[in-house]
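Below you'll find the structure, written out as structure tokens, and then a few comments.
The values are calculated or read from the model by the stated rules, or taken from the named source; none is laboratory data. Just so we're clear, the structure is a prediction, and the values are computed from it rather than from any experiment. Cβ coordinates were reconstructed from backbone atoms using ideal geometry, including for glycine residues, and neighbour counts include every protein chain displayed. For the accessible areas, the whole protein counts, side chains as well, though only heavy atoms, and no ligand, DNA or RNA atoms are used. Shrake-Rupley method; radii C 1.70, N 1.55, O 1.52, S 1.80 Å.
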Amino acid sequence: MIGIVDYKAGNLTSVARALSFFGYRWVISDDPEELKKAERIIFPGVGAAKSAMDSLKEAGLDEFLKEIFLKGTPILGICLGTQVIFEESEEDGGTKTLGLLKGKVKRFPEPLLFKGERLKVPHMGWNQVVWQKPHPVFQGLDPEYEYYFVHSYYVVPEEEEIIYGITFHGIHFPSVVAYKNLVALQFHPEKSGKPGLQILDQFCRWNP
């Protein structure tokens, strides 16, 4: 059973459909006790860091995520779920987040320029990931694959060794991080076609 964390931060059904494609059993829940029964956890989301943290705290999901991280349960963060695992976000004038990993979340600078051209923020659409080192969840991916992004903020880990993928949108930013039983993606694998499905499948079979 795979638990999908529901903290009122976006449409979770696309993640569930992707899991069903491979025949995995899943549950979408905001109940920590129900999610504790899952063998692994997917922590997706879109939206704002402050409202996300408010929802997590209200449901007791903030302490649940800290507990299972320390316990060693495999966790996959997606988009906003990647950003709030760090310590603090610049969003809303500064928002304290979960602190599973050391580092901050910053907004893309504006204007964001590349070769004199102004780039759009949010960063929205298909883009490549330059993989920095191997990991079981990302094995066998063609380096030419592109993934679907929608975000205005990006993570800045304190420790560079947890960065597994980098993407360029006016600046180079970490788009994939991993540490122990935690893998986190700035892009949406459930919306990224074949390579995204491959990542989800490999996460569901990964034993850190």
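Numbers below:
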item: Sole exception among (1) of a type in the set (Val, Ile, Thr); (2) buried (at least 22 other Cβ atoms within 10 Å of the Cβ); (3) free of Cβ contacts under 8 Å to residues at least 40 places away in the same chain for Val5, by number; result: (3)
item: Test for Tyr7: is it part of a loop (DSSP other than H, G, I, E, B) and at pLDDT below 95; result: yes
item: Tally of residues being open to solvent by 30 Å² or more (accessible area, probe 1.4 Å) and assigned to a helix (DSSP H, G or I) across region 133-189; result: 3
item: Qualifying residue in region 34-48 (condition: out of contact with any Gly (no Cβ under 8 Å at 6 or more places or on another chain) and not charged (D, E, K, R)); result: yes
item: Filter pass, Gly99 being open to solvent by less than 70 Å² (accessible area, probe 1.4 Å), at pLDDT 95 or above and small (Gly, Ala, Ser); result: yes
item: Single unsatisfied condition, Pro208 versus (1) modelled with pLDDT of 95 or more; (2) part of a loop (DSSP other than H, G, I, E, B); result: (1)
item: Complete set of residues in region 44-72 that are outside any helix (DSSP H, G or I) and surrounded by fewer than 20 Cβ atoms within 10 Å (Cβ to Cβ); result: Val46, Gly47, Ala48, Gly60, Gly72
item: Complete set of residues in region 73-94 that are of a type in the set (S, T, N, Q), open to solvent by 10 Å² or more (accessible area, probe 1.4 Å) and either assigned to a helix (DSSP H, G or I) or farther than 21 Å from Ile42 by Cα (or both); result: Gln83
item: Residue identified as under 17 Å from the mean Cα position of the chain (by Cα) and either of a type outside the set (Asp, Glu) or over 24 Å from Asp30 (Cβ atoms) (or both) among Leu100, Leu141, Leu70; result: Leu100
item: Qualifying residue in region 168-183 (condition: within 18 Å of Ser14 (Cα to Cα) and touching a Ser or Thr at 6+ places or on another chain (Cβ under 6 Å)); result: no
item: Criterion violated by Phe114 - all others in (1) in contact with an Asp or Glu (Cβ under 7 Å, 6 or more places away or on another chain); (2) open to solvent by 30 Å² or more (accessible area, probe 1.4 Å); (3) not β-branched (Val, Ile, Thr) satisfied; result: (1)
item: Residue count for region 175-198, restricted to those that are under 18 Å from Leu19 (Cβ atoms) and under 12 Å from the mean Cα position of the chain (by Cα); result: 7
item: Trp131 vs. criteria at pLDDT 95 or above and touching an Asp or Glu at 6+ places or on another chain (Cβ under 8 Å); result: no
item: Residue tally, condition open to solvent by less than 50 Å² (accessible area, probe 1.4 Å), under 17 Å from Pro189 (Cα atoms) and not β-branched (Val, Ile, Thr), over region 22-43; result: 2
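Listed here are the residues, each with its yes/no results for (1) at positive phi; (2) not hydroxyl-bearing (Ser, Thr, Tyr).
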| position | (1), (2) |
| --- | --- |
| Ser51 | no, no |
| Ser55 | no, no |
| Gly60 | yes, yes |
| Leu70 | no, yes |
| Cys79 | yes, yes |
| Ile85 | no, yes |
| Ser89 | no, no |
